[in-house]
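The values are calculated or read from the model by the stated rules, or taken from the named source; none is laboratory data. Predicted model, so just to flag it, every value in this text is computed and none were measured. Ideal geometry is used to build each Cβ from the backbone, glycine not excepted, and the neighbour counts take in all protein chains shown.
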Amino acid sequence: MKRQYFTLPLLFPALCSWAGGAGSSRDGQVPAGRGLPNVIVIYADDLGYGDLQCYGAKNVKTPHVDRLAAEGIRFTNAHSVAATSTPSRYSLLTGEYAWRRPDTDIAAGNAGMIIRPGQYTMADMFHHAGYATAAIGKWHLGLGDKTASQDWNAPLPSALGDLGFDYHYIMAATADRVPCVFIENGQVANYDPSAPIEVSYEKNFPGEPTGRDNPELLYNLRPSHGHDMSIVNGISRIGYMKGGGRALWKDENIADSITAHAVRFMQENKDRPFFLYFATNDVHVPRFPHPRFRGQSGMGLRGDAIVQFDWSVGRIMEELDRLGLTENTLVILSSDNGPVVDDGYDDHAEELLGGHRPAGPWRGYKYSAFEGGTAVPVIVRWPEGIRKTGVTSDVLMSQIDWMASLGALIGARMPEGSAPDSWNRLENLLGTDATDRPWIVEQAANHVLSVRAGEWKYIEPNDGPKMITWGPEIETGNDSRPQLYHMKEAYEQENLAPRQPEKLFELQKLLRMIRAGKGDEWHEGK
């Protein structure tokens, strides 16, 4: 399938059709007489396929997400691009596979910008189509021009305004990494000049306590492995930080803070089309939900964090209703990778599962080459554009295609060479075409690639350990032999490579072609 670009003759046309999938259709187009739809991407962190009630979750209720599914489409065969955060987010926002770049591994909190200002992003695409754009919540794609060179006490010379976002209120990385402050429009929010900020990922600052040396100061959470450096809010983190004062966040207020900022952005832009990238942190460690959510799940802090995430979704939906924007707002809810249970803090998440299966039926978790690493929930709702609601789709889908697909939706004019790996699969997103994407690529934490094509999956060989060695008990998916699985018969239990040499060779060839940028040719030759 060739990628297709779309021109925008006027800012607010009614789109007559769009290319891609099995054909063209008027279903899902911008209704005549209406403006372009608002677009909200709700991007959860470490939320597993099995963590939502509408996906079969036990011991946790998610009524707001379930309502979203009942009013839209729930996808059961959708994938993030990678089994870890930074590469998934990079791929989603640029339409380029992160494994094509050598600097897209899990980013430190003081990483320089991984998406460079010269790259064309999803936010650029919406901005140039006349949208107000915002990124709110977790970022984890670097800030400033160079790693470890940021002056956190002054405006950053490079930030999200250089990537197409009109407004941003973000965490530089994740809640378990310093700096533990919000960045608003390129500078520390609520900056406290009496407590200048210093950050290092190499050595501690003299006299500053750490979780390793001062466990008596860990009054909120203690680490189970790693995460024993600087202490903020009674929780030790990755990396070293000094200062911050009143700018430091309190983990229990993060969801409230980012949700309030998202709601305000919607209110301020209710009279023009807007694009909101709302990236939550709740399920990512350290899990420390607000007290009003404690005890709501029966699964301890991790389960209660899922309840808190559901509340944020509900608050966004409630505000859309109040503003009269629900009908013409496309909402996409998903996660950056599969789930992880013990990821560095002693929050008893393993012991309190009580039969709950965060990855659902899939083998593996976050970090893994098995499906549990990238199989994620995806829910799409757009009342004015999706005719069949409350349905389930098993179409094979990858987040890599969302940039080109949303570009087709709004009639974006995209520069040559932008979103190089993204295909227009808009009809898949809107439920008017159930034809699988011909293939998708999945990336494990150690850069092992897998390819899914139809009912088959191939994992390239790797000599690494079978289990993660540095902490959580998770299968890596590593094997020195090629692995071939039939996904409809069993969930990656029997390696069929010895019995299916022709299919193995076919998928090995496909992966080689994709690496060389010739995946389109494989599809067209089928």
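Before we move on, is VAL307 in contact (Cβ under 8 Å) with a residue 12 or more places away in the chain and either outside any helix (DSSP H, G or I) or of a type in the set (Lys, Arg) (or both)? Spell out the reasoning first.
Working: in contact (Cβ under 8 Å) with a residue 12 or more places away in the chain: yes; either outside any helix (DSSP H, G or I) or of a type in the set (Lys, Arg) (or both): no.
For VAL307, the condition - in contact (Cβ under 8 Å) with a residue 12 or more places away in the chain and either outside any helix (DSSP H, G or I) or of a type in the set (Lys, Arg) (or both) - is not met.
Matching residues to (1) free of Cβ contacts under 8 Å to residues at least 60 places away in the same chain; (2) surrounded by 19 or more Cβ atoms within 10 Å (Cβ to Cβ):
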residue: ALA129; (1), (2): no, yes
residue: ALA132; (1), (2): no, yes
residue: LEU141; (1), (2): yes, yes
residue: ILE183; (1), (2): yes, yes
residue: PRO193; (1), (2): yes, no
residue: PRO206; (1), (2): yes, no
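I need a count of the residues in region 335-379 that are in a strand (DSSP E or B) and more than 15 Å from the chain's Cα centre (by Cα). Outline the logic, then answer.
First pass over region 335-379, keeping only residues in a strand (DSSP E or B): 335, 345, 375, 378-379.
Imposing the further condition that a residue be more than 15 Å from the chain's Cα centre (by Cα) reduces the set to 345.
Of the residues in that region, 1 qualify.
Looking at this structure, is GLY477 crowded, with 18+ Cβ neighbours inside 10 Å, in a loop (DSSP other than H, G, I, E, B) and not basic (Lys, Arg)? Reasoning before the result, please.
On the way: crowded, with 18+ Cβ neighbours inside 10 Å: yes; in a loop (DSSP other than H, G, I, E, B): yes; not basic (Lys, Arg): yes.
Taking the combined requirement at face value, the residue satisfies it.
Condition test on ILE306, is it touching a Phe, Trp or Tyr at 6+ places or on another chain (Cβ under 8 Å) and closer than 26 Å to ALA70 by Cα?
In short, no.
Could you check region 122-150 and list, in sequence order, the residues that are outside any helix (DSSP H, G or I), at negative phi and in contact with a Pro (Cβ under 9 Å, 6 or more places away or on another chain)?
If the condition is that a residue be outside any helix (DSSP H, G or I), at negative phi and in contact with a Pro (Cβ under 9 Å, 6 or more places away or on another chain), then ALA129, TYR131, ALA132, ASP145, GLN150 are the ones that fit.
Restricting to region 299-329, and then to whatever is over 21 Å from GLY72 (Cβ atoms) and charged (D, E, K, R), can you tell me which residue is nearest to the chain's Cα centre (by Cα)?
Per the criteria, the residue is ARG302.
Going by the conditions given, is GLU216 within 19 Å of LEU143 (Cα to Cα) and surrounded by fewer than 17 Cβ atoms within 10 Å (Cβ to Cβ)?
Considered against the rule, which asks whether it is within 19 Å of LEU143 (Cα to Cα) and surrounded by fewer than 17 Cβ atoms within 10 Å (Cβ to Cβ), GLU216 comes out as no.
Which residues, counting only those in region 439-474, are farther than 23 Å from LYS509 by Cα and either in a strand (DSSP E or B) or aliphatic (A, V, I, L, M) (or both)?
If the condition is that a residue be farther than 23 Å from LYS509 by Cα and either in a strand (DSSP E or B) or aliphatic (A, V, I, L, M) (or both), then MET467, ILE468, ILE474 are the ones that fit.
Looking at region 480-489, can you tell me whether even one residue there is more than 21 Å from ALA375 (Cα to Cα) and surrounded by 19 or more Cβ atoms within 10 Å (Cβ to Cβ)?
No, region 480-489 has no match at all.
Any residue at all in region 340-358 that's in contact (Cβ under 8 Å) with a residue 40 or more places away in the chain, more than 30 Å from ARG177 (Cα to Cα) and either crowded, with 24+ Cβ neighbours inside 10 Å or not aliphatic (A, V, I, L, M) (or both)?
Checking region 340-358: at least one residue is in contact (Cβ under 8 Å) with a residue 40 or more places away in the chain, more than 30 Å from ARG177 (Cα to Cα) and either crowded, with 24+ Cβ neighbours inside 10 Å or not aliphatic (A, V, I, L, M) (or both).
Considering only region 338-349, how many residues are on the phi < 0 side of the Ramachandran plot and in contact with a helix residue (DSSP H, G or I) (Cβ under 9 Å, 6 or more places away or on another chain)?
Summing the residues that are on the phi < 0 side of the Ramachandran plot and in contact with a helix residue (DSSP H, G or I) (Cβ under 9 Å, 6 or more places away or on another chain) in region 338-349 gives 6.
Taking the options ASN220, ASN204, ASN233, name whichever one is in contact with a Cys (Cβ under 9 Å, 6 or more places away or on another chain) and farther than 25 Å from LEU52 by Cα.
ASN233
Spot the failing condition for ASP51; the list is (1) assigned to a loop (DSSP other than H, G, I, E, B); (2) in contact with a Phe, Trp or Tyr (Cβ under 8 Å, 6 or more places away or on another chain); (3) modelled with pLDDT of 95 or more, and only one is missed.
The single condition ASP51 does not satisfy is (2).
When you scan region 143-169, how many residues do you find that are under 21 Å from ASP45 (Cα atoms), without any contact (Cβ under 8 Å) to a residue 60 or more places away in the chain and touching an Asp or Glu at 6+ places or on another chain (Cβ under 8 Å)?
Adding up the residues that qualify gives 1.
Identify, please: which residue in region 418-442 is among the polar types (S, T, N, Q) and under 14 Å from ASP394 (Cα atoms) and is, among those, surrounded by the fewest Cβ atoms within 10 Å (Cβ to Cβ)?
That would be THR435.
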